[in-house]
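The values are calculated or read from the model by the stated rules, or taken from the named source; none is laboratory data. Keep in mind the model is a prediction, meaning the values are calculated, not measured. Please note: Cβ atoms are built from the backbone with ideal geometry, for glycine as well, and neighbour counts cover all protein chains shown.
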Amino acid sequence: RRLLHVGDFRYHPRMKDFPILKELKRHDIDVCYLDTTYCDPKRNFPTQDHCIRYVASESGKILKSKGKVLIVLGAYSIGKERVQLAVAKACKSKIYVDPRRFKTYTLLDLPFSDLDFTQIDTQRPSALDRFMLPKKKSKNSGKIKISENIENDLLRKDYERAENVPEGGLEISREILLSSEQKLEQSHGEQDKKGLHPLFRKLSPEEMQTLLERESINKHLLSQEDRPTREPEKSQNGTGKRRAAKSIVDVYTTNPRSSKVHVVPMGWLSYDKLASYAKSIGSFDHVVGFRPTGWSGPRCKKTSNGFVTLHHVPYSEHSTFNELKDFVRWLKPRKIIPTVNIKEWRKLVKYFEDC
């Protein structure tokens, strides 16, 4: 028997040219385990490329405007990296991620070599430094409550600790983000864990030392060839432009003071949480958040309360309803087994009867 499990799956017509799929199709597929996250006629939205262009274009325009602006990109553990890379290119800026996410990204095969990042300044601190809060105690050093929704892969059923430790540059209030162990709730399939509520609290001198030591270790985990050079590399024509991105350290940073574009958990993309996050970092005139998830709706839309603007972008790594039907119509498996919302499997399978 020939079985195909597509995993988390976003169909694109060019997949018809994938050698392994063409070979499987030639011999017929007995069973296809299909990602039915959006197997609903109401779940249709733009292509990934359309959404990526939207976020990159809007981000570039925002950073060219006057004022002190912080851009915040929502993300799960993995899955939104193409959006982030496009924003880095459009904004000519590195992107801040916390140390834990940085280590996760080092394990991914991100397409740095496919993108031209020659305009990213990988050495100098960004203009954001001009309005970051000083490291001494400030008016904004009080406790800030931020609730977090973290990813759910629908497989883990036990308790899990989510620890999100800020980089040492956030010692302006000497606070650390901790979370309590709580039962994970089931999500709608777009990997969105609910129920983990981190709290800010003061760091003791011992904890601060541990945090700084951990950061030192994290930096040493980078190989020598991945470390940015001290001097900008000369381009082939001798213009002295900074080199194109070759590795993760060319695009991502764990120092929030060196970037005006930050990545945060998707659950933080709300007016109150983004306002609290921005105030804990520095003084800004405006905060702009992008929420790239298929649950955002059928099209890109924008809302604002004045200080915080939210862009709801239907970007997803899961196929839309029409994309699923196109894929099944081309593949023609003998049997389909849904992998999401399996309690409704009869209803889901029926959608493909005409394929």
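Does Gly267 meet the test of being more than 27 Å from Lys94 (Cβ to Cβ) and touching a Ser or Thr at 6+ places or on another chain (Cβ under 8 Å)?
no
Are there any pairs with C-beta distances below 8 angstrom linking a residue in the stretch 62-85 that is on the phi > 0 side of the Ramachandran plot to a residue that is at pLDDT below 90, with the two at least 6 apart or on different chains, and if so which?
The qualifying pairs are Gly79/Gln191.
Scan Tyr54, Tyr38, Tyr96 and give me the residue that is modelled with pLDDT of 95 or more and in the same structural domain as Ile336 (by TED's automatic domain parsing).
Selected residue: Tyr38, the only one of Tyr54, Tyr38, Tyr96 that is modelled with pLDDT of 95 or more and in the same structural domain as Ile336 (by TED's automatic domain parsing).
So, of the residues in the stretch 329-355 that are surrounded by 15 or more Cβ atoms within 10 Å (Cβ to Cβ) and out of contact with any strand residue (DSSP E or B) (no Cβ under 7 Å at 6 or more places or on another chain), which turns out to be nearest to Phe18 (Cα to Cα)?
Cys355
As an exercise: evaluate Leu269 against (1) closer than 30 Å to Val6 by Cα; (2) touching a Phe, Trp or Tyr at 6+ places or on another chain (Cβ under 7 Å); (3) not polar (S, T, N, Q) and give the number of the one condition it does not meet.
All conditions are met except number (2).
Please work out if Glu58 is of a type in the set (Asp, Glu), more than 28 Å from Arg100 (Cα to Cα) and outside any loop (DSSP other than H, G, I, E, B).
Taking the combined requirement at face value, the residue does not satisfy it.
Can you name the residue in the stretch 270-283 that is within 19 Å of Leu63 (Cα to Cα) and at pLDDT 90 or above and, of all such residues, is surrounded by the most Cβ atoms within 10 Å (Cβ to Cβ)?
Of the stretch 270-283, the ones within 19 Å of Leu63 (Cα to Cα) are 274-275, 277-279, 281-283.
Pick out the ones that are also at pLDDT 90 or above and you get 274-275, 277-279.
Details: Leu274: 25, Ala275: 16, Tyr277: 19, Ala278: 22, Lys279: 17.
Per the criteria, the residue is Leu274.
Looking only at the stretch 57-82, how many residues end up being in contact with an Asp or Glu (Cβ under 7 Å, 6 or more places away or on another chain) and either at pLDDT 90 or above or aliphatic (A, V, I, L, M) (or both)?
Residues in the stretch 57-82 being in contact with an Asp or Glu (Cβ under 7 Å, 6 or more places away or on another chain) and either at pLDDT 90 or above or aliphatic (A, V, I, L, M) (or both): 4 in total.
For the stretch 53-91: of the residues being buried (at least 22 other Cβ atoms within 10 Å of the Cβ) and β-branched (Val, Ile, Thr), which is nearest to the chain's Cα centre (by Cα)?
Across the stretch 53-91, the extreme among qualifying residues is Val83.
Do we have any residue at all in the stretch 25-34 that's at positive phi and surrounded by fewer than 17 Cβ atoms within 10 Å (Cβ to Cβ)?
For the stretch 25-34, residues at positive phi and surrounded by fewer than 17 Cβ atoms within 10 Å (Cβ to Cβ): present.
If you check every pair at least six apart or on different chains, which have Cβ atoms under 7 Å apart with a residue in the stretch 31-46 that is part of a loop (DSSP other than H, G, I, E, B) first and a residue that is surrounded by fewer than 16 Cβ atoms within 10 Å (Cβ to Cβ) second?
Pairs that qualify, where the first residue is part of a loop (DSSP other than H, G, I, E, B) and the partner is surrounded by fewer than 16 Cβ atoms within 10 Å (Cβ to Cβ), are Asp35/Gly7; Asn44/Pro298; Asn44/Asn322; Phe45/Pro298; Phe45/Arg299; Pro46/Arg299.
With the requirement that a residue be charged (D, E, K, R) and in a strand (DSSP E or B), what does the stretch 280-296 give you?
Just the residues of the stretch 280-296 that are charged (D, E, K, R), to begin with: 285, 291.
Listed by number, the list holds a single entry, Arg291.
As an exercise: evaluate Ile336 against (1) assigned to a strand (DSSP E or B); (2) within 24 Å of Ala86 (Cβ to Cβ) and give the number of the one condition it does not meet.
With respect to (1) assigned to a strand (DSSP E or B); (2) within 24 Å of Ala86 (Cβ to Cβ), Ile336 is out only on (2).
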